[in-house]
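Notes follow the structure.
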Amino acid sequence: MIIAIDGPAASGKGTVARALAARFGLPHLDTGLLYRAVGFAALTRGLDLKDAAALAALAGELDLAAFDPEALKSGPVGEAASRVAALPQVRAALLKLQRDFAARPGGAVLDGRDIGTVIAPQAEVKIFVTASPEARAARRYRELSQRGEAVSETTVLEDIRRRDARDSGRASAPLVKAPDAVELDNTALSAAESVARALEIVAARTAPPAPGME
Ligand code: CDP
């Protein structure tokens, strides 16, 4: 079983993806970390974030294990990730790794922006996790503050709106709900409620047809 989870920044995709992976004993890939690692490496090396050839070369030799996941979660790295992710050459360099992960024999859970549309259009279960920009900004503000980043909720909301616009407006694999994805709007849901709803969606998608419906 392949489970594809997509959605905008700070929508809680990761929480849902991790819970489903644990519940079904499937490996999980947070594909945002790949773009964050490219963004982080580019910032560290002082690369121009528009230099598609250099960034694609970086993406092509990426070893995610070499990065500290915590260092990848900062606000500036998220912004750099969104910028490099708009470059088709960078996306192409990361494609095989993601498709191979999705094709693991026992199945997999992947979360990102284009899993249900580009990486694994064949996924049995597709969930589009979303929430209002304000709810997402409040969550991201809490996360970043807990990490010790000096940010204001207003700035975080602006960052989220800018990143939404860039991720949805880019020509290459834009953030969009796959036609066969089920939307999970968790604006008013707790993390536990969001996971419970996701489990219902999986159950509905994988249930055998009711008698007389074959
Ligand atoms: O955690 P958050 O939702 O803020 O971001 P993320 O999932 O870690 O992704 C960081 C950035 O990588 C996003 O803003 C996207 O531009 C990009 N990304 C993408 O283009 N495609 C993916 N499959 C995953 C992430």
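Please sort by residue number the trypsin sites (Lys or Arg not before Pro) in segment 111-174 whose DSSP state is loop and whose Cβ has at most 15 other Cβ atoms within 10 Å. Please report the intermediate quantities before stating the final value.
Numbers: sites: ARG113, LYS126, ARG136, ARG139, ARG140, ARG142, ARG147, ARG161, ARG162, ARG163, ARG166, ARG170; in loops: ARG113, ARG147, ARG170.
Passing sites in segment 111-174 are ARG147.
5 Å is the cut-off here: which amide hydrogens, built 1.01 Å from N in the peptide plane, fall below it relative to THR130, excluding neighbours closer than 5 in sequence?
LEU184, ASP185, ASN186
Evaluate the distance, in nm, between pseudo-label points positioned 7 Å from the Cα of ALA171 and of THR187 along their respective Cα→Cβ axes.
The modelled label-to-label distance comes out at 3.3 nm.
What is the angle, in °, between the Cα long axis of helix 13-24 and the longest principal axis of the Cα atoms in the chain? Nearest 10 is fine, range 0 to 90.
Value to nearest ten degrees: 50.
Starting at the first residue of segment 45-61, write each ³J(HN,Hα) from the Karplus equation 6.51 cos²θ - 1.76 cosθ + 1.60 with θ = phi - 60°, in whole Hz, x for Gly and Pro.
Rounded to whole hertz, the list is 8, x, 6, 6, 6, 10, 7, 4, 5, 5, 5, 5, 4, 4, 5, x, 10.
For Cα pairs less than 8 Å apart in space and 6+ apart in sequence, what is the mean separation divided by the residue count of segment 9-94, i.e. the relative contact order in percent?
On the way: 79 pairs, mean separation 30.6, N = 86.
Answer for segment 9-94 is 36 percent.
So what is the relative contact order of the chain, in percent, for Cα pairs below 8 Å that sit 6 or more residues apart? Write out the running numbers ahead of the final one.
Numbers: 328 pairs, mean separation 69.0, N = 214.
Relative contact order, the chain: 32 percent.
Would you calculate, for the chain, the mean residue ellipticity at 222 nm contributed by helices, counting each DSSP H stretch of 4 or more residues as -39,500 (n - 2.57) and dividing by all residues, to the nearest 500? Please report the intermediate quantities before stating the final value.
Details: 8 runs with 108 residues, N = 214.
Estimated from H runs of four or more residues: -16000 deg cm²/dmol.
Give a quick list of GluC sites (Glu not before Pro) in segment 1-101 that DSSP marks as loop, anything other than H, G, I, E or B, with at most 12 other Cβ atoms within 10 Å. Walk me through the intermediate numbers first.
Values: sites: GLU61, GLU70, GLU79; in loops: GLU61, GLU70.
For GluC sites (Glu not before Pro) across segment 1-101 that sit outside H, G, I, E and B with at most 12 neighbouring Cβ atoms in 10 Å, the list reads GLU61, GLU70.
Going by alpha carbons, how many degrees (0 to 90, nearest 10) lie between the helix axis of 191-206 and the longest principal axis of the chain?
It is inclined by approximately 50 degrees.
In Å, what Kirkwood hydrodynamic radius results for segment 74-137 from the alpha-carbon pair distances? Mind showing how you got there, number by number?
Working: mean 1/r = 0.0736 Å⁻¹.
Answer for segment 74-137: a Kirkwood hydrodynamic radius of 13.6 Å.
Would you mind checking which residues have amide H under 5 Å from ILE3's amide H? H placed 1.01 Å from N; only 5 or more apart, or other chain.
ALA108, VAL109, LEU110
Dividing the alpha-carbon radius of gyration of segment 126-214 by 2.2 N^0.38 Å (N being the number of residues), what value is obtained? Let's see the in-between values first.
Working: Rg = 17.0 Å, N = 89, 2.2 N^0.38 = 12.1 Å.
That ratio works out to 1.40.
So what J values fall out for segment 101-116 if you push phi through Karplus, 6.51 cos²θ - 1.76 cosθ + 1.60 with θ = phi - 60°, rounded to Hz, Gly and Pro as x?
4, 5, 8, 4, x, x, x, 6, 10, 10, 10, x, 10, 10, 5, x
Kindly report the accessible area of the chain per residue (heavy atoms of protein chains, probe 1.4 Å, no ligands, DNA or RNA), in Å². Please report the intermediate quantities before stating the final value.
On the way: 10110 Å² over 214 residues.
With the other protein chains kept in place, the chain gives 47 Å² per residue.
If every alpha-carbon in the chain counts as one equal scatterer, what log10 I(q)/I(0) does Debye give at q = 0.09 1/Å?
For the chain at q = 0.09 Å⁻¹, log10 I(q)/I(0) is -0.34.
Could you let me know the centre-to-centre spacing of segment 166-214 and segment 26-102, using Cα atoms, in angstrom?
So the two Cα centres are separated by 25 Å.
The values are calculated or read from the model by the stated rules, or taken from the named source; none is laboratory data. None of the values given here were measured: they were computed from a predicted structure. Cβ coordinates were reconstructed from backbone atoms using ideal geometry, including for glycine residues, and neighbour counts include every protein chain displayed. Heavy atoms of the whole protein, side chains included, go into the accessibility calculation; ligands, DNA and RNA do not. Shrake-Rupley method; radii C 1.70, N 1.55, O 1.52, S 1.80 Å.
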